[in-house]
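Visitor: This is the structure I have questions about; it appears just below.
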Amino acid sequence: MKLKKLLQHDFVIEFGSHLVTEFEDKLFVGALRNFCSYQNPLRFNNFAFAMRELLRHEFWGDAHFLRFAR
């Protein structure tokens with residue numbers, strides 16, 4: 001699936017609406033770009049790593065998340 005088409009999906013738009021900073025937006029689009037890179041055999045690994053870091057950045061200050069992260 002191409003990145004332009006992926007960015008039009010409802011769940012992608014909804015997830016993107018929760019992102020606040022430019023860094024988060026760029027990281028999210030970069031993760032999706034990795035996912036769409038079919039020639040790259042590590043594409044899903046790169047996507048998962050970027051999404052993990054995005055979620056860590058998003059919830060870092062949330063005590064509820066930190067309690068379960070250990």
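The values are calculated or read from the model by the stated rules, or taken from the named source; none is laboratory data. Just so you know, these numbers come straight off a predicted model, no measurement behind them. Side chains are part of the model used for accessible areas, which takes the heavy atoms of the whole protein and leaves out ligands, DNA and RNA. Shrake-Rupley method; radii C 1.70, N 1.55, O 1.52, S 1.80 Å.
Visitor: So how much accessible area does E22 have, in Å² to the nearest 10, using a 1.4 Å probe?
Guide: 130 Å²
Visitor: Starting from the Kirkwood radius over alpha-carbon pairs of segment 1-44, derive D by Stokes-Einstein at 25 °C in a medium of 0.890 mPa s and give it in µm² s⁻¹.
Guide: In µm²/s, the coefficient is 224.
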